[in-house]
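Quick note: the coordinates plus some simple rules give every number you see, no bench work behind them. Quantities reported herein were computed from a predicted structural model and do not represent experimental measurements. All Cβ positions, glycine included, derive from the backbone under ideal geometry; neighbour counts span all protein chains shown.
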Amino acid sequence: MPPTPGGVLGIERDGEWVRPRLGVAVAELLAARTEEDRPLPAGWTLADVRRLTGSPDARILDTLGRVTLHGAPITADLAVGWDGLCVVRDTEARHRGRLVLRRPGLRRR
């Protein structure tokens, strides 16, 4: 239940509002970042991405080929993939799309 105006502060955790007793401190512990989380924005971990996507196989894509947005190439500095989908980040925004895997030996025409 969200707080009423002027009510006691608290935090929302897993969809449940946690309100402390007066005079009691509340601290939320976040998962520690690991080396595999390094490319993600500050405050994000791969565990967060996996939880939000619902895919335990979500991963940071480290071998990016050509990335396009509506057919035009963009320079992506980060890509996360899961279940055939991806999110790529360029200098201006984040874009959601499909992940296309090229087979070795296939050439574009």
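Compute the FRET efficiency between Val18 and Leu78 as 1/(1 + (r/R0)^6), taking r as their Cβ-Cβ distance and R0 = 30 Å, and round to the nearest 0.05.
Efficiency, from the Cβ-Cβ distance: 0.40.
Could you please report the charge total around Arg59, scoring K, R as +1 and D, E as -1 over all other residues with beta-carbon less than 12 angstrom from its beta-carbon?
Around Arg59, the charge tally is -4.
Check each of the trypsin sites (Lys or Arg not before Pro) in the range 45-77 and keep only those in coil by DSSP with at most 13 other C-beta atoms within 10 angstrom; list them in order.
Within the range 45-77, the qualifying trypsin sites (Lys or Arg not before Pro) (loop, at most 13 other Cβ atoms within 10 Å) are Arg66.
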